[in-house]
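Each remark here refers to the structure printed beneath this line.
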Amino acid sequence: MNERATIGPPLWLLAELTYRCPLHCAFCYNPVDFARHESELDTEDWLRVLREARAAGAVQCGFSGGEPMLRDDLEVLVAEAHRLGYYTNLLTSGVGLTPERAAALKAAGLDHIQLSFQDSTKELNDFLSHTRTFELKQRVAALIKDNGWPMVMNVVVHRQNIDHIDTIIAMAAELGAEYLELANSQYYSWALLNRDQLLPSREQLERAERVTNEWREKLGDRMRIFFVVPDYYEKRPKKCMNGWGNVFLTVTPDGTALPCHTARMLPGLDFPNVREMSVSDIWYASEGFNRYRGDGWMKDPCRTCPDKEKDLGGCRCQAYMLAGDPAAADPVCEFSPAHGVVEKAVERAQTGAAAEQPLVFRDPRESRRLVGMR
């Protein structure tokens with residue numbers, strides 16, 4: 001186990017306040033079994049987490065979910081985070097962000113809002129979220145601008161909407177976004193269930209990148225556009241969360257502390273709960289946070305790879321999902337013995353043969369059904 005002196009602080013706290021959400025997105029990263037985790041931390045617990053994480057060195061706090069606007073105490077938590085000196089970010093679908101609550105969040109000191117859209121058309125936006133929210137999101141975008149927050153828009157990109165990149169960017173520009181994140185779906189949780197329907201073809205990706213670059217030239221400094229390619233089309237994996245237990249600390253609605261928002265799926269790990277351990281002890285001393293820190297846990301080919309410091313073996317969750325072993329090389333890597341699994345998925349995406357299957361939308365009833373099938 002690493003000594004505290006060699007471990008940096010948890011700079012980024014992601015406070016997942018609730019798994020409740022009015023949307024039912026087919027690419028949601030919340031656990032497939034989210035309906036089993038119903039015991040949410042109360043206000044006092046969250047206030048203590050904010051204070052302990054700040055004392056441990058956290059400087060940025062994101063409030064997410066589910067839909068964090070469903071928490072009646074959101075303004076209280078934002079105000080305390082602001083008082084403690086965090087840079088605060090709200091990640092929201094926009095549902096529940098009324099003019100009154102926007103004013104209250106502004107008064108509480110909220111620094112930043114990231115608003116999600118599913119598409120640039122009402123029909124597909126509402127289909128992909130399984131709700132009628134497109135017009136509401138447009139009103140919320142205007143509300144964000146009226147309150148002087150940076151206009152940050154996020155659109156999860158996948159096979160169903162990637163051919164609309166041109167109109168998505170045009171919509172963001174029309175709404176006055178300063179930042180637009182076009183994040184291709186990463187295949188965890190609900191997105192993994194729907195991978196055949198969501199993974200775009202290589203041709204779609206190349207066209208989307210070309211269109212994005214044309215818009216970058218056209219807009220210049222008016223809007224920064226980030227385009228994140230899905231891991232499956234890379235030769236080498238990304239450094240997961242900038243390294244396991246290096247920067248990011250996620251606290252889930254029931255208080256479980258994780259090095260990333262999907263790590264709960266990994267077998268053989270006992271992740272601590274903030275009800276039972278302090279944030280400092282969780283970060284520095286818990287087995288869950290120390291298991292995959294550094295490179296001492298690695299097997300070959302990662303152990304002897306000259307690039308291991310660049311990617312730290314890639315994503316532990318992806319290794320488990322695709323290779324069946326959390327300590328294996330991320331199968332995205334071309335040197336992984338399990339890389340063929342990724343190649344087969346990419347090959348299927350080129351034909352689109354499996355993309356006609358119905359999507360499985362995020363839903364508490366579906367969550368319980370899928371868990372019951374295990």
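The values are calculated or read from the model by the stated rules, or taken from the named source; none is laboratory data. In this text, all values refer to a predicted model and were calculated from it rather than measured experimentally. Neighbour counts run over all protein chains shown; Cβ positions are idealised from the backbone, glycine included. Each accessible area value is taken on the protein alone, full model and side chains, heavy atoms only, with ligands, DNA and RNA left out. Shrake-Rupley method; radii C 1.70, N 1.55, O 1.52, S 1.80 Å.
Brief remarks follow.
- Top-ranked residue of segment 232-246 - restricted to ones that are in contact (Cβ under 8 Å) with a residue 24 or more places away in the chain and out of contact with any helix residue (DSSP H, G or I) (no Cβ under 7 Å at 6 or more places or on another chain), ranked as surrounded by the fewest Cβ atoms within 10 Å (Cβ to Cβ): K235
- Residue that is at pLDDT 90 or above and crowded, with 16+ Cβ neighbours inside 10 Å, where the choices are T252, T304: T252
- Scanning segment 268-283 for residues that are under 15 Å from I7 (Cβ atoms) and buried (at least 21 other Cβ atoms within 10 Å of the Cβ) yields V279, I282, W283.
To keep it simple, each residue is scored yes or no on (1) open to solvent by less than 10 Å² (accessible area, probe 1.4 Å); (2) of a type in the set (F, W, Y); (3) assigned to a strand (DSSP E or B).
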site: A53; (1), (2), (3): yes, no, no
site: A58; (1), (2), (3): yes, no, no
site: F63; (1), (2), (3): yes, yes, yes
site: R83; (1), (2), (3): no, no, no
site: E100; (1), (2), (3): no, no, no
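- Check on G176, surrounded by fewer than 23 Cβ atoms within 10 Å (Cβ to Cβ), of a type in the set (G, A, S) and closer than 30 Å to E276 by Cβ: no
- Filtered residue count, segment 319-374, keeping only those that are at pLDDT 65 or above, farther than 24 Å from D126 by Cβ and not in a helix (DSSP H, G or I): 15
- Filter result (assigned to a loop (DSSP other than H, G, I, E, B) and in contact with a helix residue (DSSP H, G or I) (Cβ under 7 Å, 6 or more places away or on another chain)) within segment 253-282: G255, P259, C260, T262, L266, L269, D270, F271, P272, V274, R275, S278
- Residue check for S116: outside any helix (DSSP H, G or I), in contact with a helix residue (DSSP H, G or I) (Cβ under 7 Å, 6 or more places away or on another chain), open to solvent by 10 Å² or more (accessible area, probe 1.4 Å) and under 25 Å from I169 (Cβ atoms): no
- Tally of residues being closer than 21 Å to G352 by Cβ, among the β-branched types (V, I, T) and within 19 Å of the chain's Cα centre (by Cα) across segment 150-167: 3
- Hits in segment 43-53 (condition: within 18 Å of E75 (Cα to Cα) and among the charged types (D, E, K, R)): E44, D45, R48, R51
- Residues (part of a helix (DSSP H, G or I), in contact with a helix residue (DSSP H, G or I) (Cβ under 7 Å, 6 or more places away or on another chain) and farther than 20 Å from C315 by Cβ) located in segment 197-215: R202, Q204, A208, V211, T212, W215
- Any chance K299 is part of a helix (DSSP H, G or I), open to solvent by 20 Å² or more (accessible area, probe 1.4 Å) and not hydroxyl-bearing (S, T, Y): no
- Whichever residue in segment 110-133 is among the hydrophobic types (A, V, I, L, M, F, W, C) and modelled with pLDDT of 90 or more and, among such residues, is farthest from A79 (Cα to Cα): F117
- If you go through segment 68-81 and keep only what is open to solvent by less than 40 Å² (accessible area, probe 1.4 Å) and not small (G, A, S), you end up with P68, M69, R71, D73, L74, E75, L77, V78, E80.
- Residue within segment 209-226 that is within 30 Å of M321 (Cα to Cα) and in contact (Cβ under 8 Å) with a residue 12 or more places away in the chain present: yes
- Residue that is nearest to K218 (Cα to Cα), among those in segment 179-195 that are modelled with pLDDT of 95 or more and out of contact with any helix residue (DSSP H, G or I) (no Cβ under 7 Å at 6 or more places or on another chain): Y179
- Count - residues of segment 20-51 that are modelled with pLDDT of 90 or more and either out of contact with any helix residue (DSSP H, G or I) (no Cβ under 8 Å at 6 or more places or on another chain) or surrounded by 21 or more Cβ atoms within 10 Å (Cβ to Cβ) (or both): 9
- Tally of residues being closer than 28 Å to E135 by Cβ, crowded, with 23+ Cβ neighbours inside 10 Å and among the aromatic types (F, W, Y) across segment 179-210: 1
- Condition check for K218: over 27 Å from S201 (Cβ atoms), open to solvent by 40 Å² or more (accessible area, probe 1.4 Å) and part of a helix (DSSP H, G or I): no
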